[in-house]
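A.B. asks: Here it is, the structure in full.
The values are calculated or read from the model by the stated rules, or taken from the named source; none is laboratory data. This structure is a prediction, so every number in the text was calculated from the model and none was measured. Cβ placement follows ideal geometry from the backbone for every residue including glycine, while neighbour counts extend to all protein chains displayed.
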Amino acid sequence: MKERSTDPRIRALAEEAASGKAADLVADLVETSLKLGTDRASIAELKLMSRALREMRYAARVFSNYQGIRKVAVFGSARTKPDEEEYKLAKSFAKRIVAKDFMVITGGGDGIMGAAQEGAGAEKSFGLNIRLPFEQRANETIHGDPKLINFNYFFTRKLNFAKETNAFVLLPGGFGTHDEGCEILTLMQTGKMPIVPVIMLDRQNGHYWETWRRFIVNDLLAHGLVSQTDFHLFHITHDPADAVNVITQFYKNFHSYRWVREKMVIRIQKKLTPAAVEDLNKRFDTILAADRIVQTTPLPEEREEPQLAGLPRIVLTPDKHDFGSIRLFIDAINKAETEA
């Protein structure tokens, strides 16, 4: 990384706190903060930026102790009562998913959030609570737990949901549930966050998400506002066991991915056979913008992630206009034959 700060005082301070690339980035943060002063930013702007950064820093510190554990976010109405089927469904799902060594993240409130928290238990839970003048308070399960994080801003809260979550499960809810779900789908559709499972879960014979899907088909797809392949980015089910299976199957061989310029570098847990790689090239040649799909070792640009150095890589240059088909490609990797 090119060193941006020329002030030796900033460099010295940064190197007291960090080293290498981390020190470069810390110096950049300090320099940017100081420029807010010379830019004559208003007090209101400075308060917003300062508080937002503090919230992000505190949340990152809480999550840092659980980096090796995958997490599932559960969204849904805060108004759902314990005797309602949706409440029982959320509780059942959370209990099942933590049995598969996942943790659960909710908004920390009551209703669906409280149900999922209850099913997962405090030890396996995070609560990302938002300070509101009504409705939202920490549920009994997560109240007082060190993994309960209180946010003043929706945008810092949403950022943490997006960057810390490995799958999303949405149960029936109001504006907030749709806001959170549509934002995640938009971020994946546009390549601004990694592709992860997104599951719409409803009670048996419920029509909440089926009604939503009809709207997407009749009013968005029919008018060319979304693509048919965007439907691969979400899954609708009425069975908590099916929801768990979709999530665990997604991580059967797939581990994670990153971008190295235009190349998508997919880390997998087991190496694919040469025949499996060739099959992927035949089946998914339409998603390639250039080159072929190859299996390789870590790229030189991945040196800063030594903890992932032992994982095989699948590398391709995909067309970034169709992330729904990339989701299908990940599914195919999980089903492909691996070497003994």
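A.B. asks: Out of (1) under 13 Å from the mean Cα position of the chain (by Cα); (2) in a helix (DSSP H, G or I); (3) β-branched (V, I, T), the odd one out for T211 is which?
C.D. replies: Evaluating T211 over (1) under 13 Å from the mean Cα position of the chain (by Cα); (2) in a helix (DSSP H, G or I); (3) β-branched (V, I, T) leaves (1) as the failure.
A.B. asks: Could you say whether any residue in segment 106-115 is of a type in the set (S, T, Y), closer than 30 Å to P172 by Cβ and either at pLDDT below 95 or touching a strand residue (DSSP E or B) at 6+ places or on another chain (Cβ under 7 Å) (or both)?
C.D. replies: Looking through segment 106-115, at least one residue is of a type in the set (S, T, Y), closer than 30 Å to P172 by Cβ and either at pLDDT below 95 or touching a strand residue (DSSP E or B) at 6+ places or on another chain (Cβ under 7 Å) (or both).
A.B. asks: Would you check if there is a residue in segment 263-284 being in contact with a helix residue (DSSP H, G or I) (Cβ under 8 Å, 6 or more places away or on another chain), assigned to a helix (DSSP H, G or I), surrounded by fewer than 16 Cβ atoms within 10 Å (Cβ to Cβ) and not assigned by TED's automatic domain parsing to the domain that holds L171?
C.D. replies: The answer is yes, given that some residue of segment 263-284 is in contact with a helix residue (DSSP H, G or I) (Cβ under 8 Å, 6 or more places away or on another chain), assigned to a helix (DSSP H, G or I), surrounded by fewer than 16 Cβ atoms within 10 Å (Cβ to Cβ) and not assigned by TED's automatic domain parsing to the domain that holds L171.
A.B. asks: Output the residues belonging to segment 203-232 that are within 15 Å of T177 (Cβ to Cβ), without any contact (Cβ under 8 Å) to a residue 12 or more places away in the chain and not hydrophobic (A, V, I, L, M, F, W, C).
C.D. replies: Listed by number, the list holds a single entry, T211.
A.B. asks: What are the pairs with Cβ atoms under 8 angstrom where one residue, in segment 180-197, is in the same structural domain as D230 (by TED's automatic domain parsing) and at positive phi and the other, located anywhere, is at pLDDT below 95 and part of a loop (DSSP other than H, G, I, E, B)? Sequence gap at least six, or different chains.
C.D. replies: The qualifying pairs are G191/K320.
A.B. asks: When you look at G76, is it among the small types (G, A, S), closer than 21 Å to N245 by Cβ and buried (at least 19 other Cβ atoms within 10 Å of the Cβ), yes or no?
C.D. replies: Details: among the small types (G, A, S): yes; closer than 21 Å to N245 by Cβ: yes; buried (at least 19 other Cβ atoms within 10 Å of the Cβ): yes.
Yes, satisfied.
A.B. asks: State which residue is farthest from the chain's Cα centre (by Cα) when the search covers only segment 141-186 and only residues that are small (G, A, S) and farther than 15 Å from K71 by Cβ. Show your work before the answer.
C.D. replies: Of all residues in segment 141-186, those small (G, A, S) come to 144, 162, 167, 173-174, 176, 181.
From the residues that got through so far, the ones that are farther than 15 Å from K71 by Cβ too are 144, 173-174, 176, 181.
Details: G144: 25, G173: 20, G174: 21, G176: 17, G181: 11 Å.
Filtering first and then ranking leaves G144.
A.B. asks: Considering only residues that are acidic (D, E) and not assigned by TED's automatic domain parsing to the domain that holds V246, look in segment 27-86 and name the one that is farthest from A12 (Cα to Cα).
C.D. replies: So in segment 27-86, the residues acidic (D, E) come out as 28, 31, 39, 45, 55, 83-86.
Subsequent filtering for residues that are not assigned by TED's automatic domain parsing to the domain that holds V246 retains 28, 31, 39, 45, 55.
Details: D28: 12, E31: 12, D39: 24, E45: 28, E55: 25 Å.
The extreme case among them is E45.
A.B. asks: Output the residues belonging to segment 300-331 that are of a type in the set (D, E), modelled with pLDDT under 95 and surrounded by 13 or more Cβ atoms within 10 Å (Cβ to Cβ).
C.D. replies: Result: E301, E302, E305, D319, D322.
A.B. asks: Just for segment 119-148: of the residues that are modelled with pLDDT of 95 or more and in a strand (DSSP E or B), which one is farthest from V72 (Cα to Cα)?
C.D. replies: Filtering first and then ranking leaves L148.
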